[in-house]
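Working notes for the structure below.
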Amino acid sequence: MARSVLMVETGGWGGIGHYAHCLNQTLVSKGASVRLVTHADHYQLDEFDKSYPVDKVFKGDGFITDWKRLYQAWKGESIIHFQSLLSTRRDWLAFVAMKFLIPQAKIIVTAHNVLPHEVAFGEKWAYKKIYTLADGIIVHSDATKKKLRKMMGQGFRTPVEMIPHGHYGQITGETLPDRATSIQVLGLDENFQYMVCFGAIRPYKGIDLLMKAISEVKNWPADLKVLVIGHLLTGVTKEELITLRHQLGLEEIVSFDLRYVPEDEIPHIFSITDISLLPYRNIDQSGILMAALAAGKPVLCTPVGAFPEIIQRDFGFLSDAVSVDAIACSLTQAIEQRSQWADMGKAAKKVAMAEYGWDSIAAKTLEFYNKVSLN
């Protein structure tokens with residue numbers, strides 16, 4: 001059954017913005033009517049071809065004002081699907097208002113992460129209220145489903161559906177740019193292989209753990225570099241990273257490109273990536289992982305969130321723990337198998353296309369809409 005959907009993605013950039021785009025495109029292809037409401041100033045996907053309209057309503061100029069705009073943007077859609085929120089400690093009030101003002105609409109929340117990466121005072125309580133008020137919740141792994149139910153307790157009744165995160169082939173492109181071209185675009189040296197840690201940099205990404213682990217690897221190959229690419233967010237400074245790199249003596253191995261990468265450079269990032277590094281302290285699921293698999297790149301990850309459910313030996317290295325020693329061990333294993341990275345990348349892409357395609361994910365999402373609507 002086709003549905004009318006108001007997709008709410010408040011930020012307009014980064015992984016969740018890409019997720020909303022890929023899902024919207026595929027929902028429309030299956031007959032759903034979809035509109036996206038997003039940020040008026042921060043929306044970064046204007047250049048993407050779209051089969052759905054975009055309303056830029058959020059401005060961050062006031063909690064009540066922004067939520068009033070969302071209410072005004074609603075055109076009678078039967079599903080209001082939240083991919084992200086505005087002010088997590090206050091948004092539960094807006095959910096209460098929506099239940100009162102538009103009870104005919106079903107509210108779906110995708111919990112990309114059950115809680116924010118850095119939890120401020122009161123946020124856990126607010127999220128519990130939001131999850132209770134929602135008519136349905138989508139998570140991306142069995143681990144996240146268990147985590148959510150444990151947090152909410154035995155009396156929790158909101159339906160929860162595990163729908164995997166889709167691959168990001170629409171973002172990286174079906175065919176990556178020529179490596180030589182990408183090397184030139186990014187100003188790199190063609191004589192090296194590159195381990196790449198890509199994405200917004202925050203404490204949970206474990207860049208410090210990665211650098212300490214690199215320093216423990218014996219006989220680091222002279223033709224292998226590590227690139228850390230992404231813009232700095234809260235909790236990490238450029239000075240801290242540079243100081244740690246100097247203390248560990250890694251200036252010849254680790255390079256930083258600390259900026260927001262424009263959309264048209266993302267395929268170039270993955271083109272020059274020989275293996276993608278995700279040394280995270282914690283995560284529920286990662287869009288970077290799904291982009292790497294879609295781009296046909298092997299991955300090295302820590303055993304957090306959905307990673308153990310996804311990583312296979314055919315295309316990945318999963319450390320035994322979130323620790324410097326465990327990551328160093330995985331790096332050593334990966335380096336010893338450098339000759340297999342290309343074949344591992346082919347296996348990664350095969351799995352991405354077979355198991356994490358958006359056609360299946362959109363179909364499961366529509367089924368969940370229908371299930372929730374019958375309750």
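The values are calculated or read from the model by the stated rules, or taken from the named source; none is laboratory data. What you see is a predicted model, and the numbers here were worked out from it, not measured in a lab. Here the Cβ is made from the backbone with ideal geometry for all residues, glycine too, and neighbour counts use every protein chain on show. Keep in mind that these areas ignore ligands, DNA and RNA; they rest on the heavy atoms of the full protein, side chains included. Shrake-Rupley method; radii C 1.70, N 1.55, O 1.52, S 1.80 Å.
Some observations on this one:
- For the stretch 292-299, the Karplus equation 6.51 cos²θ - 1.76 cosθ + 1.60, evaluated at θ = phi - 60°, returns couplings of 4, 5, 5, 7, x, 10, x, 9 Hz by residue, with Gly and Pro reported as x.
- Rounded tilt (10° steps) of 91-101 against the dominant C-alpha axis of the chain: 30 degrees
- Fraction in percent of alpha-carbon pairs per bin - 20 Å, the chain: 28, 57, 15, 0
- Per residue, the accessible area of the chain comes to 44 Å² when a 1.4 Å probe rolls over the protein heavy atoms.
- Whole-Hz ³J(HN,Hα) from phi, Karplus 6.51 cos²θ - 1.76 cosθ + 1.60, for the stretch 202-218, glycine and proline x: 9, x, 5, 6, x, 4, 5, 4, 4, 5, 5, 5, 4, 5, 8, 6, 7
- Legend: calculated FRET efficiency, Thr181 to Asp223, from the Cβ-Cβ distance at R0 = 30 Å, rounded to 0.05, equals 0.90.
- Relative contact order (%) - the chain, alpha-carbon pairs under 8 angstrom, separation at least six: 16 percent
- Along the stretch 57-69 the Karplus relation, 6.51 cos²θ - 1.76 cosθ + 1.60 evaluated at θ = phi - 60°, assigns HN-Hα couplings of 10, 7, 10, x, 9, x, 4, 5, 5, 5, 6, 5, 5 Hz to successive residues, with x for each Gly and Pro.
- Distance between the 7 Å Cα→Cβ label points at Glu355 and Asn370: 2.6 nm.
- Carbon and sulfur %, accessible surface of the chain computed with the full protein complex present, 1.4 Å: 51 percent
- Debye intensity ratio I(q)/I(0), log10, the stretch 275-316, q values 0.15, 0.17 Å⁻¹ (C-alpha model): -0.28, -0.36
- Mean separation of Cα contacts under 8 Å (6+ apart) over length of the stretch 216-348, as relative contact order %: 22 percent
- Taking a ≥ b ≥ c as the square roots of the eigenvalues of the alpha-carbon gyration tensor, the stretch 323-372 is classed oblate because a/c is 1.5 or more while a/b is no larger than b/c.
- Segment Ile64-Asp325, extension gain: residue separation times 0.36 nm, minus the distance between their alpha carbons: 89.1 nm
- Acute angle (nearest 10 degrees) that the helix 341-355 long axis makes with the longest principal axis of the chain, alpha-carbon atoms: 10 degrees
- Fraction of C-alpha pairs exceeding 13 angstrom in the stretch 292-344: 56 percent, rounded to a whole number.
- Using bins of 10 Å that start at zero, the share of Cα-Cα pairs per bin across the stretch 230-272 amounts to 23, 44, 31, 3, in whole %.
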